[in-house]
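Visitor: Got a structure for you, written out below as structure tokens; questions coming shortly.
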Amino acid sequence: MTNTNDQRLRGISVEIDPARCIANAKCTVAAPGIYVLDEETGVAVLEHQDEATLEQLFAGARACPTQAIIISQLGRRVFPQILTPMFGEPPE
Ligand code: SF4
């Protein structure tokens, strides 16, 4: 992110956990053009981070049913506050 946007976003950073992403595109509907599905992997990725607003970043994260989108501020997780456990076979 650019310095300007980093100041606007107050140290917010976004991580998308590919192991939790089930590629159902909910985040891409909630924040189109910011969250997109990678054509090769099918996993959600962030695009146009420099233009993203806090509202868009959080809208995508809230829409995610598997809590794959994790938002931190200055290195401290702010969303989701508690990650639900993952079930099923562990990823290889
Ligand atoms: S809403 Fe969550 S699970 Fe669905 S594509 Fe986005 S990050 Fe992946």
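Visitor: Given points 7 Å out from each Cα along the Cα-Cβ axis, report the L83 to R10 separation in nanometres with one decimal.
Guide: 2.4 nm
Visitor: Determine the calculated [θ] at 222 nm for the chain from helices alone, applying -39500 (n - 2.57) to every DSSP H run no shorter than 4 residues and normalising by the residue count; nearest 500 deg cm²/dmol.
Guide: Computed mean residue ellipticity for the chain: -5500 deg cm²/dmol.
Visitor: Size of the chain along its principal axes in angstrom, Cα-based, largest extent first?
Guide: So the extents along the principal axes, rounded to whole Å, are 42, 28, 21.
Visitor: In degrees, nearest 10, range 0 to 90: what is the angle between the Cα axis of helix 54-63 and the longest Cα principal axis of the chain?
Guide: Once rounded, the angle reads 10 degrees.
Bear in mind these aren't lab numbers, they're just calculated from the coordinates by the rules spelled out. Not measured: the values here are computed from a predicted model. Backbone-built Cβ (ideal geometry, glycine too); neighbour counts: all protein chains shown.
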